[in-house]
Amino acid sequence: MSGVSAIPIFHIVGFTGHRQLADAGGAARAITAALEALRHEVPGEWIGLSSIATGSDQLFVQQLLNLRMSWHAILPLPQAEFQKDFSPSEWVDVEQWLGRAEHLRTINVNGSREDAYLDCGLETVDGADVLIALWDGEPAHGKGGTADVVEYARSIGKPVLILDADTLLLRRENWNKLEPRDGSLAKLNELPDVLDRHGANPFKAPDSVYRFQQKCDAAASHGAPQFRRLIVSTVLLHVIATLIAAMALAYEMHNQALPWVKFLCLAGALSVAVVLRRHAHSHHSWVRCRLAAEFCRSGLATWGLPQAAPLFEGLDLPGVRGLGRSLHILHSRSFTAQPVSMDEFKRIYLAQRIQDQMSYYQRQEMRALPLFTRLKIGFWIATILALSCTLAYALARTIHWAVAEWIQTTVFYFLPISLPVVAAAFISLISINDLQRRVARYRELQMMLEDSRKKVSFCQTWNSLERVVLRTEHALMQEVLEWHSITSFSESH
């Protein structure tokens, strides 16, 4: 793995615990030991995730910061409401803690305070790779207690480190579910660097992120397997075999070579199917690289914003979960060094993101549309001819037309068998190449980008600009996710 183009791997350790502590000093030492064990056993940077309620939450945060680990704060209520749970002197300390949080998130709820605290605990579990629970083993005394949070973590199979609140003994649950290594991100980090870089890093993102995107893009471009072409070849080979069989039947051709030609066509189609199955791994690698490259492209396009955009919030796709987390954390850590002004950001974003994507989708439409049109015309011609031949045969049999033998052989026998197969092949080729959806989506995206171009040009504040950029990037990422879903589905077949 090359350090200049590697994305660091981050892990999240969540925390829940009681407010009343019998042995605060012993609990602090036990929490520290648990954190140090995680750091020793699992490579990558560990980040703490917790609230800052009185008692064990504050103890956890203190141990995190003592170990020079980052803390992401998650609050059950807006600060004005959360403050009511503390005395004025206590709130002064809490505000100081919050000032040291690397990231702060507030849970929005419409229910009671108990609901808010329960939701905060559940969100902590969902956002963590491992949950540390300082728990006495007793049921919760009210909604949102430590027992409720632990029970939820158990129910979804989350790895849990339970510190007994009385004995401070540690036990592990669901530990076999812990993924010590993000395999997808690790494989992407191991890709070879791109020596001759093209383009620029306009928003001054970390060079490692830019180089990572470049090598993922290069790997996807050079390693794309020709799966669609291989699948098309199986369809064509089956069509040829069917036409040979129909021709032999209609024209009573008993040439010894014809069965062998048909056999070779079918054997070739089977061989291609075997090749497809054996090269599924290369297909998966290509999909992973392309997905990572496009996610990084969106991340880089928003790096000049004054704060990290929540591009990947709510995205739980296994292959890019770790990458999305890493990009967001890296952006959060670097946004304070504002690299560009708003006018410069708008100029660069319009030229290197909006216009670049519009040109790309225009080119893609110009490539897909002619093929789609030809195949669609071919389908209609083959279908109409098949109907005409079948109708002619029905009329001739009904009114006893006298027709030449070659007409009977070709129009009545051969074409009614072969033309429906050809028409079906045209439809199959449209479906295999996803042409109808692609043409429609390319046009929709061009319209969306044109609308975004106008809005970005008019924006005069960072807030309005961020909203437009975020909507644009989400739309572009949605297209990538649709592509991923369709391509992965075709791989499984």
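The values are calculated or read from the model by the stated rules, or taken from the named source; none is laboratory data. For clarity, every value in this text was computed on a predicted model and none was experimentally measured. Cβ coordinates were reconstructed from backbone atoms using ideal geometry, including for glycine residues, and neighbour counts include every protein chain displayed. Quick note on the areas: whole protein, heavy atoms, side chains included, nothing else; ligands and nucleic acids left out. Shrake-Rupley method; radii C 1.70, N 1.55, O 1.52, S 1.80 Å.
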Residue by residue through the range 317-366, note down the ones that are among the aromatic types (Phe, Trp, Tyr) and either over 18 Å from Pro8 (Cβ atoms) or in contact (Cβ under 8 Å) with a residue 60 or more places away in the chain (or both). Phe345, Tyr349, Tyr360, Tyr361
Per the list (1) touching a Leu at 6+ places or on another chain (Cβ under 9 Å); (2) touching a residue at least 24 places away in the same chain (Cβ under 8 Å), residue check on Phe312 breaks on (2)
State whether the residues of the range 397-410 include one that is more than 29 Å from Ile430 (Cα to Cα), open to solvent by less than 30 Å² (accessible area, probe 1.4 Å) and touching a helix residue (DSSP H, G or I) at 6+ places or on another chain (Cβ under 7 Å). yes
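Determine, yes or no, whether Val480 is over 30 Å from Gly324 (Cα atoms) and touching a residue at least 12 places away in the same chain (Cβ under 8 Å).
no
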In the range 433-451, what residues are among the hydrophobic types (A, V, I, L, M, F, W, C) and open to solvent by 40 Å² or more (accessible area, probe 1.4 Å)? Ala440, Met447, Met448
